[in-house]
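Peer 1: Before we start, here is the structure in question, set down as structure tokens.
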Amino acid sequence: MRHVNELEYIDGFVYANIWYVDKLIKINPTSGQILKTYSFRSLYPKNKRPKTADCFNGIAFNATDRSLMLTGKYWDKYYRVNLKDL
């Protein structure tokens, strides 16, 4: 997989965004196999972003409520999301 960026280790798996594509992948860290792909194209559509906003690339895990905080480079927003399998 090309352009893997911004890694987060959660419960034995690596979650990473794909640079310049609004996707997040779940990776088995032992085999390197991509187990799941999540699309976030509709989270903050490119046509709704300010011209100064760049790509989707921020991910952080909130262990308290098991949510992910997602944002992008120069975005004026961030999003809290819950994945069903997290």
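Peer 1: If you keep only loop residues by DSSP, which trypsin sites (Lys or Arg not before Pro) in the range 1-80 have at most 11 other Cβ atoms within 10 Å of their Cβ?
Peer 2: Passing both the DSSP loop test and the Cβ count: ARG2, ARG41, LYS51.
Peer 1: Just how large is the dipole of the chain about the Cα centre, in debye to the nearest 20, putting +1 at every Lys and Arg Cβ and -1 at every Asp and Glu Cβ?
Peer 2: Value, rounded to 20: 400 debye.
Peer 1: For TRP75, TRP19, what's the fewest-to-most ordering of other Cβ within 10 Å of each Cβ?
Peer 2: Ranked by crowding around the Cβ, least crowded first: TRP19, TRP75.
Peer 1: Which chymotrypsin sites (Phe, Trp or Tyr not before Pro) from the range 39-69 combine a DSSP loop assignment with at most 10 other Cβ atoms within 10 Å?
Peer 2: Filter output for the range 39-69: empty list.
Peer 1: Taking a 24 Å limit on the Cα-Cα distance, which of the listed pairs LYS26/LYS48; LYS26/LYS51; LYS23/LYS48 fall beyond it?
Peer 2: Among LYS26/LYS48; LYS26/LYS51; LYS23/LYS48, the Cα-Cα distance tops 24 Å for LYS26/LYS48; LYS26/LYS51.
Peer 1: Averaging sequence separations of C-alpha pairs under 8 Å and six or more residues apart, then dividing by the length of the chain, give the relative contact order as a whole percent.
Peer 2: Computed over the chain, the figure is 20 percent.
Read-outs: derived from the displayed coordinates by stated rules, not from any lab. Keep in mind it's a predicted model, so treat the numbers as computed, not measured. Here Cβ is always computed from backbone atoms with ideal geometry, including for glycine, and neighbour counts include all displayed protein chains.
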